[in-house]
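Below is one structure, written out as structure tokens, with a few remarks after it.
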Amino acid sequence: DGGITQSPKYLFRKEGQNVTLSCEQNLNHDAMYWYRQDPGQGLRLIYYSQIVNDFQKGDIAEGYSVSREKKESFPLTVTSAQKNPTAFYLCASTALRGRSTDTQYFGPGTRLTVL
Amino acid sequence: SQQGEEDPQALSIQEGENATMNCSYKTSINNLQWYRQNSGRGLVHLILIRSNEREKHSGRLRVTLDTSKKSSSLLITASRAADTASYFCATAARGTNKLIFGTGTLLAVQP
């Protein structure tokens with residue numbers, strides 16, 4: 001099955017802890033994205049990567065970090081510097097065509113709760 | 001810097017009725033996309049319309065794009081209870097590889 005997977009589905013974190021959310025895709029897509037969604041809100045871009053070993057900050061990158069060591073994987077670390085990390089986190093990927101993004105394919109999401 | 005704003009925020013209709021959602025955006029775009037999200041799930045792509053297109057159909061979906069007004073609409077015809085979800089528009093600005101998502105419309109279809 002081709003697709004994009006995220007794990008875990010639910011994650012609980014104590015204040016002051018770093019946690020890492022996993023995102024894997026087997027669609028051979030070049031670009032991968034991390035979004036944050038708060039209740040009743042749209043998606044806000046945290047980080048994105050268009051190629052291995054390169055990534056760019058989105059609109060709300062503070063308190064988050066990422067890596068892109070493999071084309072298939074784009075893990076997101078929520079650090080203790082993120083003051084309000086409780087949210088639903090979505091990962092997406094797309095094949096880049098020209099200079100504008102086409103359809104994005106989303107994973108099922110990880111719901112992070114800070115205790 | 002959310003670019004898309006959707007209207008209405010919430011919509012409740014009866015099965016069989018049509019549902020129309022509107023999206024406005026601020027800058028020049030390469031394409032505009034509509035996505036659907038069931039509660040607690042990831043987003044699913046519905047339809048993409050390019051800046052040089054004015055109307056597009058896919059099954060019971062009809063999308064229009066007016067680049068002069070920087071707006072788009074999504075029409076779902078003959079709605080079903082299974083259409084109950086949140087619907088988001090997303091714009092791809094020229095020269096970027098990012099999507100900017102709107103705030104979404106929550107559609108409830110009553111059986």
If each K or R counts +1 and each D or E counts -1, the residues other than B:LEU74 whose Cβ falls under 12 Å of its Cβ total 0
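Just need the relative contact order of chain A here, percent rounded to a whole number, with Cα pairs under 8 Å and 6+ apart.
Working: 291 pairs, mean separation 39.3, N = 115.
Worked out over chain A, it gives 34 percent.
Can you give the charge dipole size of chain A about its Cα centre, rounded to the nearest 20 debye, using +1 on the beta carbon of Lys and Arg and -1 on the beta carbon of Asp and Glu?
Details: 13 positive and 11 negative charges, 43 e Å.
Result for chain A is approximately 200 debye, rounded to the nearest 20.
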Interchain or sequence-distant (5+) residues whose placed amide H lies within less than 5 Å of the amide H of A:ASN26 are A:GLY3
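How well do other chains shield peptide A:105-111, expressed as the mean number of their Cβ atoms within 10 Å of each residue Cβ?
On the way: counts 4, 7, 3, 3, 5, 0, 1.
Across the residues of A:105-111, the mean count of other-chain Cβ atoms within 10 Å is 3.
What does the charge count near B:THR27 come to, summing +1 for each Lys or Arg and -1 for each Asp or Glu among other residues with Cβ under 9 Å from its Cβ?
Numbers: positive: B:LYS26, B:LYS70, B:ARG94; negative: none.
Spelling it out: positives minus negatives among the neighbours equals +3.
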Expected integer from the mean partner chain Cβ neighbour count at 10 Å over A:34-41 is 3
Counting only DSSP loop positions in the range A:1-90, the trypsin sites (Lys or Arg not before Pro) whose Cβ has at most 13 other Cβ atoms within 10 Å are A:LYS9, A:LYS14, A:LYS83
The pairs in A:LYS14/B:LYS98; A:LYS71/B:LYS98; B:LYS70/B:LYS98; B:LYS26/B:LYS98; A:LYS57/A:LYS83 lying past 22 Å Cα-Cα in this model are A:LYS14/B:LYS98
With the 8 Å Cα cutoff and a minimum separation of six or more residues, chain B has a relative contact order in percent of 39
Under the 7 Å Cα-to-Cβ spin-label approximation, A:GLN17 and B:GLU17 lie apart by a distance in nanometres of 4.6
Between the residues B:ASN38, A:VAL19, B:GLY95, the Cα farthest towards the positive end of the dipole of the protein assembly as shown, that dipole coming from +1 and -1 charges on the beta-carbon of Lys, Arg, Asp and Glu, is from B:GLY95
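So if I place +1 on the C-beta of Lys and Arg and -1 on the C-beta of Asp and Glu, and nothing else carries charge, what would the dipole magnitude of the protein assembly as shown be about its Cα centre? I want it in debye, nearest 20. The partial results should precede the final answer.
Details: 26 positive and 20 negative charges, 53 e Å.
Its charge dipole is roughly 260 debye.
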For the range B:20-111, listing trypsin sites (Lys or Arg not before Pro) in a DSSP loop whose Cβ sees at most 14 other Cβ atoms within 10 Å gives B:LYS26, B:ARG54, B:ARG60, B:LYS69, B:ARG80, B:ARG94
Given unit charges at Cβ for Lys, Arg (+) and Asp, Glu (-), the dipole magnitude of chain B about its Cα centre in debye, nearest 20, is 420
Expected vector for the range B:86-100, Karplus 3J(HN,Hα) from phi with 6.51, -1.76, 1.60 and θ = phi - 60°, integer Hz, x for Gly and Pro, equals 9, 10, 10, 9, 9, 10, 10, 6, 4, x, 10, 10, 10, 10, 10
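Would you tell me the mean number of C-beta atoms belonging to other protein chains that fall within 10 Å of each C-beta in B:81-92, as a whole number? Provide the component values of the computation, followed by the final result.
Values: counts 0, 0, 0, 0, 0, 3, 0, 3, 1, 5, 1, 7.
Mean number of neighbouring Cβ atoms from other chains: 2.
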Once the dipole of chain A is set up from charges on Cβ (+1 Lys and Arg, -1 Asp and Glu), the residue from the list A:THR5, A:VAL114, A:TYR35 lying farthest towards its positive end is A:VAL114
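Semi-axes of the equivalent ellipsoid of the range B:1-43: what are they in whole Å, largest first, if each equals the square root of 5 times a C-alpha gyration tensor eigenvalue?
Numbers: eigenvalues 104, 42, 22 Å².
Values for the range B:1-43, descending: 23, 15, 10 Å.
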For B:ARG94 and A:VAL52, extending 7 Å from Cα along the Cα-Cβ vector and measuring point to point gives, in nm, a value of 3.4
Reduced to Cα centres, the span from the range A:42-115 to the range A:16-41 in Å works out to 4
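List the longest stretch of chain B that has no exposed loop site; here a site is one of the GluC sites (Glu not before Pro) assigned by DSSP to anything other than H, G, I, E or B, with at most 15 other Cβ within 10 Å. Spell out each step's value before the answer.
Numbers: sites that count: B:GLU15, B:GLU17, B:GLU53.
Result, exposed sites excluded: B:54-111.
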Taking R0 as 30 Å and r as the Cβ-Cβ distance between A:ASN28 and B:THR67, the FRET efficiency 1/(1 + (r/R0)^6), rounded to the nearest 0.05, comes to 0.40
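Values quoted throughout were computed directly from the atomic coordinates according to the rules given, and no laboratory measurement underlies them. A quick note: this is a predicted structure, and the numbers were derived from the prediction, not measured. Heads up, the Cβs are rebuilt from the backbone with ideal geometry, glycines too, and the neighbour counts pull from every protein chain shown.
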